[in-house]
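The values are calculated or read from the model by the stated rules, or taken from the named source; none is laboratory data. In this text, all values refer to a predicted model and were calculated from it rather than measured experimentally. Cβ coordinates were reconstructed from backbone atoms using ideal geometry, including for glycine residues, and neighbour counts include every protein chain displayed. Ligands, DNA and RNA are excluded from the accessible area calculation, which covers all protein heavy atoms including side chains. Shrake-Rupley method; radii C 1.70, N 1.55, O 1.52, S 1.80 Å.
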Amino acid sequence: MTTTGSLAWSRRTGGTLSPIDRLRLTAQALLTRLARWPAFARQRSGLDDRTLGRFDTDALPLPDSADARRALDHAALLTPGWLYQHSLRTYLWGALLARGRGIAFDAELLLVASALHDLGLAEEPRGCDFDDACFAVHGARAAGRFADQLGWPTERRDRLAEAISLHLNVRVGLAAGAEAHLLHAGAALDCIGARLKEIPSPLVTAVLARHPRQGFKQRMAAALDDQATVRYASRAAFLARLGFNRLIQAA
């Protein structure tokens, strides 16, 4: 069975949802609600936040490899400031969540995925000539082409593209790969506050001071509304019908 949002799915469908895909996303939403444990349950399961409470965001720099720098420059060139800052916060939230839960990950791959994950939102959808029915699929393909320019091997390029294609799903488990899981988690935290309580308030304040939101709620909600209107058979449109923009505004 091909996973909705996966690279194989995006290549086959271009991002157009089938009735089965809609059913799967609805099931993901239900599972996400069930997974929202109270704080005491997280602690009993070994997910205590005290380790992060002693952590300084200055000790969490962005990866400084040549490929990471090129990805950041590419994103800064193609995305507006508010969306670029969202991409940087996405990486930091994902890295902090990984530290809190002891998840090992490829920092460079997560940074490049975070930097490029919303390239599909950077283009104005109205009147745009595009082949992809989903902005995440569009962005995944653009990121894959960029990775080719970096000389990444096929397996690493596909991990990047898959993480970006999957990130618009309601739920992305660790089975999809640590970087895909953390990209989704970081983006969801920044958009709707998912798992925010796992990060102590001083760390949240520090991240927002480094990378301010710049009217993010209103701008992201407007961008997704445009996507839902133009790419009406996409996950963005489906999430809009589920009330995703209300979650953004309430976060």
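Structural remarks
- In the full protein context, region 166-217 carries 39 Å² of accessible surface per residue, based on a 1.4 Å probe and ignoring ligands, DNA and RNA.
- Added length on full extension, which subtracts the Cα-Cα distance from 0.36 nm per residue, Q214 to Q149: 20.3 nm
- Computed FRET value (nearest 0.05) for A250 with S18, which takes r as the C-beta separation and R₀ as 30 Å: 0.50
- Values of log10 I(q)/I(0), in the order q = 0.09, 0.13, 0.14 Å⁻¹, for region 96-251 under a Debye, Cα-only, solvent-free model: -0.29, -0.62, -0.73
- Highest mean packing first, where packing is the average number of other Cβ atoms within 10 Å per residue, the peptides 95-103, 199-207, 228-236 line up as 228-236, 95-103, 199-207.
- Translational diffusion of region 100-179, µm² s⁻¹ [Kirkwood Rh, Cα pairs; Stokes-Einstein; 20 °C; 1.002 mPa s]: 162 µm²/s
- Kirkwood Rh and Cα Rg combined as Rg over Rh, evaluated for region 166-246: 1.00
- Cα-only Debye scattering, region 151-193: base-10 log of I(q)/I(0) at q = 0.15, 0.16, 0.33 Å⁻¹: -0.35, -0.39, -1.13
- Three-way shape label, region 77-126, alpha-carbon gyration tensor, a/c 1.5: prolate
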